[in-house]
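Single-structure report; data block below.
Readers should treat all values here as calculations from the given coordinates under stated rules, not as data from a laboratory. Only a predicted model underlies this, so the values are computations on that prediction, with no experimental measurement involved. No Cβ is skipped: glycine too gets one built from the backbone with ideal geometry, and neighbour counts run over all protein chains shown.
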Amino acid sequence: MLRIHNGLIYDPANAVNGEAGDVIIHDGVIVSGAGLSEKQKRDMETIDASGCAVLPGGVEIHSHIAGAKVNNGRILCPEEHRSHVSARTSLTRAGCGLCVPTTFRTGYLYSKLGYTTIFEAAVPPLEARHAHEELMDMPLLDKGCYTVMGNNHLVMQVLKDPDRAARKERLRELASWLLRASRGYAVKVVNPGGVEDWKWNAGAADLDTPTPPFGVTPRQIVTALAEAADELKLPHSMHLHCNHLGEPGNLETTLATMRALEGRRVHYTHLQFHSYDKTKKGGFRSGAARIAEYFNKHPEFTCDVGQIVFGPTLTMTSDAPMEFKLFQMRKGKWASGDIEMESGSGIVPISYAPKILVNAIQWSVGLELMLLINDPWRIFLTTDHPNAGPFTAYPEIIKLLMDADYRMSWLEKLHPRVRRATGLFEITREYTLEEIAIITRSGPARALGLAAKGHLGAGADADVAVYRLDQDRRAMFSRPVYVLKGGAVVVRDGEIVDTPNGRTLCVDPEGGRSLPQDLAETFDGFYTVKMANYMVEDEYLERPEVVPCG
Amino acid sequence: MTTHDNVVCTFCGCLCDDLEVDVEDNAIKAVRKACLIGKNKIMNALSHAPAIRVNGREASLGAAVEEAARILGEAKNPLVYGMSSTTSEAQREMVDIAEMIRANLDNPSSYCHGPGVLARQQAGLVTCTLGEAKNRADLVIYWGCNPVEAHMRHLTRYSLQPKGLYTPEGRKDRKVVAIDIRQTPTTKRADLFLQVTPGHTFEIASVLRALVNGLEPEFQDGREEVAGVPMESWRRVVEMIKACKYGVLFFGLGVTQCRNTDINVEQVSRLVQDANKHVRFSALAMRGHGNVNGCNQVMTWQTGFPLAVNFSRGFPRHNPGEYSVVPMLARQEVDAALIVATDPGAHLPADAVRFLKTIPVIHLDPHENLTTPWATVVIPVAPVGVAAAGTFYRMDNVPLRVKKMVESPHPSDEDVLKAIKEKIRHVAHT
């Protein structure tokens, strides 16, 4: 048994808010100390957490860290690797990179921030083995991945079915089959219909633009897949990247999408990129206030922010047409990959600068959303790594949220017109430590349906982060004193001391054991792999843990 | 007798996954659907295994592993090289070993499609999976490649004939252009063949880019031709590009190994990016060895770089030329080599091979080849895709699991590499 002693415990899921106490661990799980005598506690191996905050391990709900697209990003930018390197030690593997770190380094960097669970945000089933192979080389984290379905031909083939009841049941079966095939955790939708449209060289998809040649609209795709995810009782809702990412005025599409999905569980990812209003001349304005006002009234929805971090990074997404647009503006490097029958992907390097008005507005929009959405259980901290910036900036963002004076001090560094285009600098709210614990671990764990994560109650996985209290919240969250993964101390004083491998988190939804005849025929006719070779085998899962549906 | 369906062929970057293989009494009896090369490879997978040898004398596996670990552990500037015909699981072990012994790490792409990989670092590549070519491509360009002879089922499975979702008539729905320096069985299948003079890839790509972007090149000497082909033909190619819905350009070593290597591919890559302003257009490299793409993938996710990596400082450094296999051997810089799943005796320049013969070389391969006769330590391994399972990456990055259908008397690359690694670790600790 192991005891984390005398820390201030922040465990919002169990309504513990900064109370001094012990966290007791046995066999990788947190246990109740209720029946234990003081002597028994004293005799345990003890970590002294005096002067520290004790939090559940961080839970990353949306990050691009593994798979074909991420690896293409690594190939695309050797220049960024050279200035960020780590040498092999007796414990750790060598590596490099900041925005697209190598796999081992990704594990170490997340762990050194106190994160213990992570989800890769977009995996097309055809390339799922690749994502799982990389995740096996990512130590210290439990991990899972989301399966992209929003431009999948089989999905659209089903949605074309005029019989409503049949359509519903068939889609549920298909979603289940796709999760099984890819060993995914959740239904991911990226620019529904829009990626397929671009394969036909058509313009950006609106919510009601029919997708050629199926004639199915993004509205139909998102409502049907959200329904399927609900009916399968998946632990996580549909995870949605809306249409028109990054365009001024896109809040209208975002709001229309939300209205179409009212009453269903939905997670809106990197909402910052979808919350732009526009000026009369078509320029960018913050739409955060309108989005937040609507969002606050809809407890069925969750979101993550995708906060901008100033500096160079790479954008990488399954939203291939968006990357094509970005390339035409930037004219630098551009990688793209269309994936037969199901998806696409694109990568463009970018740099966000405070003196560029659009970037300053984007930066403000993210903070506005986090400050205006009043329920921290429904908005989570992400940078859509690496799209809006690297995850290593989380401590800086926490400081921006917790320290209003610090936030105000940024005004003079930003483009002077930013104040007219956003409402950020009128907001005085400061996050509490409890709220930070919610948006970085307890909230995402709950939204992901992970009952054993994101809290410190009896029965929780012993994933714990211990930070020395410091008024400079950036310093505090940059360097945990201890991080425990499954009960083992893996980080001490900001350094890796052990490198156990985590587990693969997956689901086992009802049905989906095989494809019906007509879909199997489509598969056999038009994929270039055999169905038997499409299904990801058990060998690609590391100590798999099935998170229950329902 | 057992028939294995949906078997993945490991020969070339096509990774055809529809093979049928009959097995009886642990022997391959028949292979169906494969091309001639693939069929031969599988039929003979278990034959001609070398004996385990150390310094030319037969040895036990344990002794060979021990000697390999000793050599690698003592080397000052070793080379870890090969990987292109084994699984990504084995490749992952090789990177780990290279890190441990602070080696140079490279794979055969550095002298094959490496320039294309470097071009992706400079410009990026707009590409697609082979199924997009099958389902959508109404224009196919073969440039500096000859799949009829090198990727034998490429045309029927992926690029020329298959009846796809939006190409229901197969070949009839496609316009086909071939650019090559000589007539080949592939160029004969094209609607338009442009026979170019060697060494002009960059000029061709530049002129095509200009035309795609609506610019007319000027010719000082009045001879309106590029690479020996009249401008009229290049204009026709650009008209075909602009008129298609979804074009796919397949490029081979004729493009990547043309003089000035990577800038050629970079310009081709820019051409493809430009074409996307008008139509949808993708390019795909015709990767050779079955899992040479896997080497690039594994090296990239573990080291950040697809080839030419050096670990002498403990962290990965990448510099093509400085840490590429052929120049390093030409400069005689390495003092030992671990070579797996490639045959340098057959593939590398004579001078490089001559130098390799002067240093300790550890070689893992399923067969006697042109390296096994002189390698210091020879360890036979189970042929992947026949007697060992694991992951291969197709030329378009689609990962497939290759199967184990028979038992080999020999361990897999992965197992031998793990044993060598443990031995090196053990020696380092004691």
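A few comments on the model shown:
- Each of A:Phe324, A:Val266, A:Ala15 was scored by the projection of its Cα onto the charge dipole of chain A, and the greatest displacement toward the positive side belongs to A:Phe324; charges sit on the C-beta of Lys, Arg, Asp and Glu.
- Peptide ranges B:240-248, A:316-324 listed from the most packed, as the mean C-beta count within 10 angstrom indicates: A:316-324, B:240-248
- Rounded to the nearest 5, the antiparallel percentage of DSSP beta bridges internal to the protein assembly as shown is 50%.
- In region B:301-376, trypsin sites (Lys or Arg not before Pro) in a DSSP loop with at most 16 other beta-carbon atoms within 10 Å: B:Arg313, B:Arg331, B:Lys357
- Springs between Cα atoms under 10 Å define the GNM used for chain B, and in it the highest mean-square fluctuation of B:Gly222, B:Gly199, B:Gly62 occurs at B:Gly222.
- Between the listed residues A:Ser286, A:Thr440, A:Val348, the Cα displaced farthest toward the positive end of the dipole of chain A, a dipole computed from Cβ unit charges relative to the Cα centre, is found at A:Ser286.
- The equivalent ellipsoid of region B:174-267 has semi-axes of 19, 17, 14 Å, largest first, where each one is the square root of 5 times an eigenvalue of the Cα gyration tensor.
- For region B:82-178, the Kirkwood estimate of hydrodynamic radius, built from reciprocal distances between every pair of different alpha carbons, is 16.1 Å.
- Peptide B:160-167 has a mean of 3 when you count, residue by residue, the C-beta atoms of other protein chains within 10 Å of its C-beta.
- Debye equation applied to the C-alpha atoms of chain A, log10 I(q)/I(0) at 0.09 Å⁻¹: -0.62
- Taking GluC sites (Glu not before Pro) across region B:78-180, the ones in a DSSP loop with at most 15 further Cβ atoms lying within 10 angstrom of their Cβ are B:Glu169.
- Under the span-like rule (Cα at least 18 Å along the axis, Kyte-Doolittle mean at least 1.0), DSSP H helices of chain A: A:357-372
- In region B:114-285, a dipole from Cβ-located charges (positive for Lys and Arg, negative for Asp and Glu) runs towards its positive end, and of B:His151, B:Thr256, B:Gln195 it is B:His151 whose Cα lies farthest in that direction.
- Trypsin sites (Lys or Arg not before Pro) within region A:500-549: DSSP coil, no more than 12 neighbouring Cβ in 10 Å: A:Arg513
- Selected from B:Ile179, B:Ile359, B:Ile141 as most flexible by GNM, with chain B as the system and alpha-carbon contacts under 10 Å: B:Ile359
- Nearest 10 degrees, 0 to 90: helix B:88-100 Cα axis against chain B principal axis: 60
- Shape call, the protein assembly as shown: gyration tensor on alpha carbons, a/c limit 1.5: oblate
- Average projected area [Cα convex hull, region B:114-285], square nanometres: 9.0
- Tensor-based shape of region A:260-372 (alpha-carbon gyration tensor, a/c under 1.5 rounded, otherwise prolate or oblate): oblate
- Counts of other chain beta carbons within 10 angstrom of each beta carbon in peptide A:64-76 average 5.
- Within 10 Å of the Cβ of each residue in A:131-139, the mean number of Cβ atoms contributed by other protein chains is 3.
- Look at where the Cα atoms of region B:194-215 and of region B:313-374 average out, and the two centres are 36 Å apart.
- Partners of B:Lys404 within straight-line reach, counting lysines whose Cα lies under 21 Å from its Cα and excluding those fewer than 8 residues away in the same chain: A:Lys530, B:Lys29, B:Lys33, B:Lys39, B:Lys41, B:Lys418.
- Charge dipole magnitude, Cβ of K and R +1, D and E -1 - region B:280-366, Cα centre, debye nearest 20: 260
- Counting DSSP beta bridges with both ends in chain A, the antiparallel % (nearest 5): 55
- Compared with the dominant principal axis of the Cα atoms in chain B, helix B:61-74 is inclined by about 70°.
- Global geometry of region A:482-550, whether rounded, prolate or oblate, following the gyration tensor of its Cα atoms and the 1.5 cut on a/c: prolate
- For region A:422-462 and region A:205-269, distance of Cα centres in Å: 25
- About its Cα centre, chain A has a charge dipole of approximately 1340 debye under the convention of +1 per Lys or Arg Cβ and -1 per Asp or Glu Cβ, with nothing else charged.
- DSSP bridge pairs, region A:78-213: antiparallel proportion in percent, nearest 5: 20
- Fully extended contour minus Cα-Cα distance, from A:Arg429 to A:Ser514, at 0.36 nm per residue: 25.5 nm
- Put a plus charge on the Cβ of each Lys and Arg, a minus charge on the Cβ of each Asp and Glu, and nothing anywhere else: the dipole of region B:114-285 about its Cα centre is then about 820 debye.
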